[in-house]
Amino acid sequence: MKLYHFLFLLLPVVSCNKKEDEAQPTQAESMYFPGDTNATWETKPLATLGWKENAVQPLKDFLTQKNTKSFIILVNGRIVMEEYFNGHTASSTWEWNSAGKTLVATTTGIAQQEALLNIGNKASDYLRTGWTNMPLEKENLITVKHLLSMTSGNDDTKQLVIKPNLIYVADAGTRWAYSNIFQKLMDIVASASSKPFEAYFNEKLKTKIAMDGYWDVGPIFTIYHSTTRSMARFGLLALNQGKWNNTQVINKTFFTESASTSQNINPAYGYLWWLNGKTNFMIPGEQTVYQGYLVPNAPADMYAAMGAKDQRIYVVPSKNMVVIRMGEAADPANPNFAISGFDNELWAKMNAVIN
């Protein structure tokens, strides 16, 4: 995989000069949460942030060239940019691909806070023994947390999550490898809650933040589809560490763990969230350790939901910012599982706007 590295640029910080003073109201204003799914969403003129309006069109041109269907920037919950391309509209739904893993992680955390499960417990406590094709003593090493952190030790070369494909490669917790075995978390939540996963997800997460969308269960992947604004709603929940307006949907402790290094093998991975600003990282399909930031051109504190064909939720706490991108693969020859050079290219264009 080709990785692109750019210099990391920062937003202006507050000081006495005029340009930086213009950014001060953004830092001081309250966080905004939109109402129900069809409610008007409050906006904020880009000019009030002191951003460079002459760099917006090059950003839009780049998004068009890279097969983007929709793009949103939120600051303090308010829409600063919202663009649709190639026939896509605000009411169109699109696939999250692996960005939807973060929905599964959050739902698992909700089940834990309701005392339905414990992520420190064996996965077989909820799936029954024999759910893998591993020796029993190796299967029993796999906890729910190992599924959240991609350290179950299974063979990651087989995408279809069926028992014959869940083969032992290493002891759980000793090897990081990106795979679809995370989907067993959906079965765990269903077992623990005595409800179908989607029913539990709808009740405990989707309706709480007025998302739309649905899970499409296929032979290999179970993928969430929604409008772009619903993806932005989840990003806003993540920015606020699991809190939506006055309701703590997922407790802050679990969410903080989710957006923090979950194991010592790949520091750039939390509970199905990708983390920027770490000293090294690994990527899907490889055991190579790369030095430096996951997305060098993005803010160091950014964490992200990343899916195939460059579906993205970027969350940047230092800027109170959420960025959403949906569409086809930026590079059709490299649809990727999650990470791609597109991220650095996009942040280069964004930095030209926000600095």
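FYI, it's all coordinate maths here, none of it is from the lab. All of these numbers come straight from a predicted model, not from anything done at the bench. Cβ coordinates were reconstructed from backbone atoms using ideal geometry, including for glycine residues, and neighbour counts include every protein chain displayed.
Lys and Arg at +1, Asp and Glu at -1: add these up for the other residues within a Cβ distance under 13 Å of GLU137 and post the number.
Working: positive: LYS122, LYS138; negative: GLU139, ASP171.
That works out to 0.
Fully extending the segment from ARG128 to ALA333 would add 69.7 nm, taking 0.36 nm per residue of separation and subtracting the current Cα-Cα distance.
Between ALA170 and VAL217, the modelled labels are 3.3 nm apart [label points 7 Å from Cα along Cα→Cβ]. Each of GLU53, GLU198 was scored by other Cβ atoms within 10 Å of its Cβ. Arranged with the fewest first, they read GLU53, GLU198.
From its DSSP helices (H runs of at least four residues, each -39,500 (n - 2.57)), the chain gives a residue-normalised ellipticity at 222 nm of -7500 deg cm²/dmol.
Sorted fewest first by neighbouring Cβ atoms within 10 angstrom, TYR178, TYR224 come out as TYR178, TYR224.
For segment 97-161, the dipole from Cβ point charges (+1 on Lys and Arg, -1 on Asp and Glu) about the Cα centre works out to 60 debye, to the nearest 20.
Residue separation of LYS195 and THR37 scaled by 0.36 nm, minus their Cα-Cα distance, works out to 54.4 nm of gained length. Mind checking which aspartates and glutamates have their Cα closer than 15 Å to the Cα of LYS69? Skip sequence neighbours fewer than 8 apart in that chain. In chain and number order, the partners are ASP61, GLU82, GLU83, GLU95, ASP310, GLU328, ASP331.
Over segment 39-164, the ratio between the Cα radius of gyration and 2.2 N^0.38 Å evaluates to 1.57. The convex hull defined by the C-alpha atoms of segment 212-341 has an orientation-averaged projected area of 8.9 nm². Placing +1 on each Lys and Arg Cβ and -1 on each Asp and Glu Cβ, with no other charges, gives segment 218-355 a dipole about its Cα centre of roughly 480 debye.
Measuring spread by the Cα atoms of segment 304-355 yields a radius of gyration and Dmax of 11.3, 34 Å.
The C-alpha atoms of the chain define a longest principal axis, and helix 228-239 lies at about 80 degrees to it. Tilt of helix 101-113 relative to the longest C-alpha principal axis of the chain, in degrees (0 to 90, nearest 10)? Tilt of helix 101-113: around 70 degrees. Extending 7 Å from the Cα toward the beta-carbon at both ASN264 and SER92 defines two label points whose distance is 4.8 nm. Short-range pairs are left out: with C-alpha atoms under 8 Å and at least six residues apart, the relative contact order of the chain is 24 percent.
Taking other Cβ atoms within 10 Å as a rough exposure proxy, GLU139, GLU286 sort from fewest to most as GLU286, GLU139. For segment 190-245, the C-alpha radius of gyration sits at 1.21 times the compact-globule guess of 2.2 N^0.38 Å, with N the residue count.
When +1 charges are put on Lys and Arg Cβ atoms and -1 charges on Asp and Glu Cβ atoms, the dipole computed for the chain relative to its Cα centre reaches about 180 debye.
Pair-distance distribution of the chain: all C-alpha pairs, bin width 20 Å, starting at 0; shares per bin in whole percent are 31, 59, 11, 0.
With 0.36 nm allotted per residue and the present C-alpha distance subtracted, the ASN246-GLU203 stretch has 13.7 nm of extension available.
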